[in-house]
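Here's the structure, in structure tokens; my notes come after.
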Amino acid sequence: MTLLIGGARFVGTRLGGKLFAACILDINEKDNAQFIDITKPWTFKLKLEDANSIVLLAAEHRDDVSPTTKYYDANVLGTQNYLDFFYQMWHFRSKMSVAVT
């Protein structure tokens, strides 16, 4: 199963529709998405045993965000929270892989 973090918006719903098995995680619980907030690490307590891949789409990208610190909170701190969580959970399983395109 693929986890789509931040997947309840346009790109995530389209990608999720193309995947055989996907679980959508988002701050907005719509279209069967489960709640996650990348700025709050305690919301990462998820069942990852069945996940064979994770796609991180969560980001703050609107031009009119107020306060502007939301960009930093979501895009920098949120990504760091995700990477820390991923490392802790998957490091011990020896399944950690990173792909950069």
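Coordinate-derived values only; no laboratory data. Note that the coordinates shown come from a computational prediction; the quantities given were computed from them, not determined experimentally. Note that we place each Cβ from the backbone using ideal geometry, even for glycine, and neighbour counts take in every protein chain shown.
Some values worked out for this structure:
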quantity	calculated
Full-extension gain in nm, GLN80 to VAL65, via 0.36 nm per residue minus C-alpha separation	3.3 nm
Under 11 Å, Cβ to Cβ, from ILE24 - net charge with Lys/Arg +1 and Asp/Glu -1	-1
Using θ = phi - 60° and Karplus 6.51 cos²θ - 1.76 cosθ + 1.60, couplings along the range 65-80 (whole Hz; Gly, Pro as x)	6, 9, x, 5, 5, 4, 4, 5, 4, 7, 7, 9, 5, x, 5, 5
Cα gyration tensor, the range 2-91 - rounded (a/c under 1.5), prolate or oblate	oblate
Computed label-point distance, nm, for sites ARG14 and GLN34 using a 7 Å Cα→Cβ extension	2.6
The range 31-41 - phi-based ³J(HN,Hα) in whole Hz, Karplus 6.51/-1.76/1.60, Gly and Pro as x	6, 6, 6, 8, 6, 7, 10, 5, 7, 10, x
Sequence-distant residues sharing a close amide H with ASP37 (under 5 Å, placed H)	THR43
